Structures are given as C-alpha cells and as structure tokens.
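A.B. asks: Below are the structure tokens for one structure; questions will follow.
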Amino acid sequence: MIKYRDLTDKEIATLVVYGCSAENWKNIQVAEDFSAQFLQDVHFSGKVTLGTYEKIFDLSGGVKKHSGIYNALIHNCDIKNNVLINNVNNYIANYAIEEGVYIENLNLLSVDGISSFGNGVKASVMIESGGREVEIFDSLSAPVAYLIAFYRHDKALMSAFKELTNKYVQSKSSEKGVVGKNSQIINCGSIRNVRIGDNAELNGILSLDNGTIVSNETAPVKIGYGVQCEDFIIQSGSSVTDSAILTRCFVGQGCQMGKQFSAIDSLFFANCQGLHGEAVSVFAGPYTVSHHKSTLMLTALYSFMNAGSGTNFSNHMYKLGPVHQGITERGVKTSSGSYIMWPARIGAFSVILGRHKGNPDLQYLPFSYLIENEGESHLLPGINLHSAGTMRDVEKWPTRDLRKDEKIDPIIFDFLSPYTIYKTLKGIEILKDLLQTMDSNATFVWYQNCKIKKSAIRKGIELYEMAVDSFLAKTLSIKVKTVDAGSGEWVDLTGLIAPKTEIDNLCNEIVSMNLQLTEISKRLTLIFQNYSDYCFNFCHSIIKDKYKKNVSELSESDREAITQKGEKADKYLNDIILRDAKKEFNSITKTGFGIDGDENTRNADFEAVRGSFESHPFVIENQKNK
C-alpha cells in the first residue's frame, strides 16, 4: 500500500515552474518519496493521488521514455507508481491508474457517474425484436447464457437469474474506473466507462464505451486500430482488431475479432473467430468461425460451426417482424454461397450446400449432407461420417484452444457422444419408419421438406448403426464412479454435453436453493467432470435396450461381440475416411502444379508443396487407428 502525504510548498513551486496547475493543491496527495521533476504541463482538479515515477520504459527501436505525467488534464484520479501519461488531448477523469501503465496520445479516458462497465447490458440474441435477451457480465459462461436464452419456459428460473445478475451488476458498479497494471493505451480516441484489466494492449482504437476488458498477465487482451465497441464485455486472451465494430456484444476467452467484422446483440464464447463478415443477434458457442466478407450470420444458435464464404442465414420472410430463429447444432459447416431461411434446425455435424427455404427440422438426422439440387433440398443422412474434413475439424479443436488462464466455458470435444448418439438412435427409428411407409415402387420420400432417396435411407441406417456400435465398444470399458444419471436424453449447452436430467436438476436447485453464480459455476464444473461416468450410464441403458441385459449381466462372449462390432465399425469408417482424404492427392487436385513442366514435374512440384498422402499428419494419426 502506498502511504500518501500532502505536497510541500517547495514541491508545489517546482510543479508550477514545470507548467503545472491545480484547482486546489490541497486536494493533491503524493507518495512519501514523490519527485516533482517528472510532471510537466499537467492540470489537476478534484482529488488526486500520485505515486513515484522512477521506471524507464524501453520502446521498440531502442527508444527510452521516463515514467511521469506530461501534457495532461487529470481529474479525480489515483495514479500509482511508475506510470507514464503523455499527451492527453482532452482529459482523464475518475480513474485508478495502476502501476506500470503506459498511456500516450490519448483523446479521452473518463467515467461519467456510476457505471457498471458493460455488466448488465441486454443482448437481444436469436430474435432481433427481443424475447431471448441475455444480460451479459464479465464472468458469463456459455452454459449459463444458454439457460438464460433458451429456458424461457421456466419462469421461476428466469426470475432467479434476473435477481442473480442484478446483484452481480450492483457489485461491479462504481464511480471510478480502473486501468490495470502494466496496461498500454497508445494512439487511442475516446474511452468512456470502461474497466481495463492488467496487461491489456489498446493501440489505435477509435472508441470504447461502457465495457469491461477482462485482461490479465497470463492472458492479455489486445484491442487494435480502428476498433469501435459499445456496451461490451471482452474476456481474457481475446483480440479485437482491424476496425472491428461491436455493439451490445460479449466476447469470450481466446476469441479473435477483426478485419472489419461487425456484430450487434451477439454472444461469442471460447475460441470463436469473426473476421470480415457480419453477425446480428447471434448466440455463437465455442469455436464458431466466420472468415469471409460476404458472410451474414443472423438470429441463430451456432457451436463448433464454420461458415463458408457468402453464407446467408435469413429471417426476412416474416409478417410480424424479424422473429424467426435458427439452430445449427454443433459441428455444422456451410459451403460457399449457402442459404438457409429460418426457422430451421440442422442436425449436429451436418454440411449445408446450396439454398434451402423449406424450414426443415433435422435435429434427429445428424452427420448429414443437405444439398440443393434443381431448387429442391436433398438429404443424405449420416454421410458426413465418411468425411475426412469433419474428423480433421474434431481433432484440431482441442489443439486450437487459445485460453491460457482459468477456463470459464466447460467444453466436451467428443465426436461420438451420448448427445450425438441419442440423436442417431432417433434417426435410425425415423429412417426405418420412412422405409416401412414408402411405396414399394418409390425411389424417394419427402421428410421435413427434404427429398431422401431410398438408397440414401438404407445407407444412413447402416452408417448410424456403425456409429452406435463404435460408441458402445469404446464406452463399455470406461471405469466409473458412483453417479446415477446418464440414461435418456442429453443436451448440448454449447460446449457442455450433459444428461438432460442433470441440467433439469440444476435448474430446480437454482430456484429452490437460491444458488449464487459461483455455486452454479461449481455445479456445471462437477457435471463436466462427471462426463465419463454419465457416458457409461448412457451406454449401459443402450445395451440394456439392445441386449435385454444389464452391463453387469453381460458374459465375456457378449462383451467380445460388442467389442468386435465396434472394431469392425471403426475399421470401416476409418478406411472410408482415409479414402476420402486420399482424394486430396489425386490427379485433379494436382491441376496447376508443375506450371512449366511435364507430368513428372507436376508430381514433384505437388509433393514439394503439399507433401504425400502417406506423410500427412492426419493420415499418419488415423493410420494408427486402423
């Protein structure tokens, strides 16, 4: 703690000589070993405390600058030790400037009245006109936001969350802002009502208004040139750069926003990327990615989603306002130029190609291709289980986790999980029913405004059953603790996969036991930690349905049969995935290589640039699984 004292007459005289002034010198207090020589052309008003300024900042190019305050108007601020403030065009008002902060060429930094610094801002996700608003706050997690946005049917739960968020917002409200230790604010415009964490880097921003930057030494936040943010929260380890514009937005940990990306009323959770395009009223779960200028993400739920260039999600076929919403379950990808008219629901790990206006609900047909053909929507159920691209996505997500500090969003990365297998089992029932009800001479059937060929139905059943066999074989060997939940329906709270019964129990506890936000977080963490045990119980229930036996009653031959079926399914799926990957090395993909040579030159050039099939890391890893 810094011990403060009044200025001496000699120090006041020295400051006056250096061009400094004050409304009342008695309102200025300084550290015991304060030195007046490192303040020049500074005007003070209100109550101000000053530390000692001994540090020399080493800048790029070998330039050195001494800490101190130069050419600034300071009002009602606490400026700690070894801070450099230089060239403030307007003023700094109502801020605590922590140790080691570097501020240079700034227009304005102020807090006006009592501010909650973006906490409590309502983002109208999913529906532009409102109805699913989420009050953002600086420790918000994806599962909590999911419950707030999508459990509107539970009025008692909504009331509990409203009370909790109001209490949290009050705890974060203050008349004074903070610039955290060792942060940098350089060549910036106006910053109003913004709380800035430690080690943040703000360089060239145009404006920040009413927000919190949750930066720290382990996971600093970077905000760059041309950025404009209003009513926002940015969590640790994220970057917002290159003229991005965010309004009423939450940016979770490890996110990257830039390249003129614009977003309004949107939530982006861990490791999302928004570059070039536009987002409106989006709930973007972890690893949602948009990289292209012409991509419009609109009024929908996404998770582990990759939007192709020119993708357009539309809610504009309305009569009573923009009220339609869409759901893309985890792992959905779109091709270039894709179009989906909301409302619609796309199953997990599906691929969308072309334009679709039929408002399909395909949640129980995951791993599918939705393809436009002559203006019609054609569905290939389960075919994406063949895709090398999908498996590569699944494998790369954990390796691309940019979170360096404590992870707020609990994320399950599994491709085949109780969530997708539950949907798959429902899909098998749907496809079998379609086969039974089809005319014997028919070659296709319509389902949810999508055309499905009879051959595609049979192939889908085969692939879905392989996925189930693979899951059961791998899950049967899990060592379990003593948890009861897991059978029945599972839900995906955008990253956290859990038994629906456990989430329902949590919701009841929030209401009946008055759980606080920290307690809710602990309960979600416990659910996350128990995932493997829940998986076993889910596997147990499926085996009981299929074999009419409890797992404890399975004989060695039963277990061996389950294992063999799983291994057979794995081998088939892995072989076909590798064949799909090999397409990336065929004669067509070599077009354009060896530009001035013959076929031998083309092959040599291709291998020098792209490598060989056998040496590709994805192929090597999947060869191990054969």
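Read the figures in this text as sums done on the coordinates, not as results from a lab. Not measured: the values here are computed from a predicted model. Backbone-built Cβ (ideal geometry, glycine too); neighbour counts: all protein chains shown.
A.B. asks: Could you work out how much longer the chain between LYS568 and LYS500 gets when fully extended? Use 0.36 nm per residue separation minus the Cα distance between them, nm to one decimal.
C.D. replies: Working: separation 68, 0.36 × 68 = 24.48 nm, distance 3.10 nm.
Net length gain for the segment: 21.4 nm.
A.B. asks: Per residue of the chain, what 222 nm ellipticity follows from adding -39500 (n - 2.57) for every DSSP H run with n ≥ 4, rounded to the nearest 500?
C.D. replies: So the calculated ellipticity at 222 nm is -9500 deg cm²/dmol.
A.B. asks: If you average the alpha carbon positions of the range 376-424 and of the range 139-204, how far apart do those two centres end up, in angstrom?
C.D. replies: Cα centroid of the range 376-424 versus Cα centroid of the range 139-204: 29 Å apart.
A.B. asks: What residues qualify as long-range amide H neighbours of GLY211, i.e. H under 5 Å apart, gap of 5 or more or another chain, H built at 1.01 Å from N?
C.D. replies: For GLY211, whose amide H was placed from the backbone, the distant partners under 5 Å are GLY118, VAL194, ARG195, PHE232.
A.B. asks: Each residue of the range 340-345 in order: what ³J(HN,Hα) in whole Hz does its phi give by Karplus 6.51 cos²θ - 1.76 cosθ + 1.60, θ = phi - 60°, with x for Gly and Pro?
C.D. replies: 10, 8, 6, x, 6, 9
A.B. asks: OK, next. State to the nearest 20 debye the size of the charge dipole of the range 477-555 about its Cα centre, where the only charges are +1 on K and R beta carbons and -1 on D and E beta carbons.
C.D. replies: Computed about the Cα centre, the dipole is about 320 debye.
A.B. asks: Here's a follow-up. Once you sort the root eigenvalues of the Cα gyration tensor of the range 297-414 as a ≥ b ≥ c, which label holds: rounded (a/c under 1.5), prolate (a/b larger than b/c) or oblate (the other case)?
C.D. replies: Numbers: a/c = 2.15, a/b = 1.38, b/c = 1.55.
Verdict is oblate for the range 297-414.
A.B. asks: What shape does the range 269-357 have by the C-alpha gyration tensor, where a ≥ b ≥ c are the square roots of the eigenvalues, rounded means a/c under 1.5, and otherwise prolate means a/b greater than b/c and oblate the rest?
C.D. replies: Because its axes are fairly even, with a/c under 1.5, the range 269-357 counts as rounded.
A.B. asks: Please give the charge dipole size of the range 1-102, origin at the Cα centre, charges +1 on K and R Cβ atoms and -1 on D and E Cβ atoms. Round to the nearest 20 debye. Don't jump to the answer; show the numbers that get you there.
C.D. replies: On the way: 9 positive and 12 negative charges, 13 e Å.
Taking the Cα centre of the range 1-102 as origin, the dipole is about 60 debye.
A.B. asks: Pick the calculated Cα extents along the principal axes in Å for this structure from (1) 101, 74, 56; (2) 94, 56, 48; (3) 75, 54, 50?
C.D. replies: (1)
A.B. asks: Gap in Å between the Cα centre of the range 66-99 and the Cα centre of the range 460-506?
C.D. replies: Result: 55 Å between the Cα centres.
A.B. asks: Can you tell me how the range 486-573 classifies by the Cα gyration tensor, rounded, prolate or oblate, using a/c under 1.5 as the rounded cut?
C.D. replies: Because a/c hits 1.5 or more and a/b exceeds b/c, the range 486-573 counts as prolate.
A.B. asks: List the relative contact order of the chain as a percent without decimals, with contacts defined as Cα pairs under 8 Å and 6+ residues apart. Kindly include the intermediate steps, with their values, before the conclusion.
C.D. replies: Values: 1552 pairs, mean separation 44.1, N = 626.
Answer for the chain is 7 percent.
A.B. asks: For the range 463-507, give the magnitude of the charge dipole about the Cα centre (Cβ charges: +1 Lys/Arg, -1 Asp/Glu; no others), in debye to the nearest 20.
C.D. replies: Roughly 260 debye, rounded to the nearest 20.
A.B. asks: Please list, ordered by chain and number, the residues whose modelled amide H lies under 5 Å from the amide H of ASN89; skip anything fewer than 5 residues away on the same chain.
C.D. replies: LEU106, ASN107
A.B. asks: Relative contact order of the range 1-102: what whole-number percent is it, with Cα pairs under 8 angstrom and at least 6 residues apart?
C.D. replies: Computed value for the range 1-102: 21 percent relative contact order.
A.B. asks: Can you give the extra length, in nm with one decimal, that the chain gains between TRP25 and GLU54 once fully stretched, where that is 0.36 nm per residue apart less the Cα-Cα distance?
C.D. replies: 8.2 nm
A.B. asks: Right, something else. Taking LYS544 as the anchor, which lysines have their alpha carbon closer than 23 Å to its alpha carbon, excluding any fewer than eight residues away along the same chain?
C.D. replies: Cross-link targets: LYS423, LYS426, LYS432, LYS474, LYS479, LYS481, LYS500, LYS565, LYS568.
A.B. asks: Assuming R0 = 35 Å, what is the FRET efficiency of ILE595 and GLU376, from their Cβ-Cβ distance, to the nearest 0.05? Intermediate results must be reported in sequence, preceding the final value.
C.D. replies: On the way: r = 41 Å, r/R0 = 1.16.
The value I calculate is 0.30.
A.B. asks: Skipping prolines and chain starts, which residues have an amide H placed within reach, meaning under 5 Å, of the one on TYR18, given they are 5 or more residues away or on another chain?
C.D. replies: Correct list: empty.
A.B. asks: Which aspartates and glutamates, on any chain, are close to LYS548 with Cα under 20 Å apart, when same-chain ones fewer than 8 places away are left out?
C.D. replies: Cα-Cα hits under 20 Å: GLU429, GLU465, ASP469, ASP484, GLU489, GLU556, ASP558, GLU560.
A.B. asks: Based only on other Cβ atoms within 10 Å, what is the fewest-to-most ordering of THR299, THR14, THR601? Intermediate values should be presented prior to the final figure.
C.D. replies: Values: THR299 29, THR14 16, THR601 13.
Listing THR299, THR14, THR601 from fewest to most nearby Cβ atoms yields THR601, THR14, THR299.
A.B. asks: Let me ask something else. Tell me, MET305, MET466, MET126, MET513 in order of fewest to most beta-carbon neighbours within 10 Å?
C.D. replies: Starting with the residue having the fewest Cβ neighbours, the order is MET513, MET466, MET305, MET126.
A.B. asks: Between the range 531-551 and the range 1-58, how far is it from one alpha carbon centroid to the other, in angstrom?
C.D. replies: What the calculation gives is 71 Å, centre to centre.
A.B. asks: Here's a follow-up. Neighbouring Cβ atoms within 10 Å as the yardstick, rank TYR447, TYR534, TYR151 fewest first.
C.D. replies: Lowest count first: TYR151, TYR447, TYR534.
A.B. asks: Using DSSP, restrict attention to beta bridges with both residues in the chain and report what percent are antiparallel, rounded to the nearest 5.
C.D. replies: Of the beta bridges lying entirely in the chain, close to 15 percent run antiparallel.
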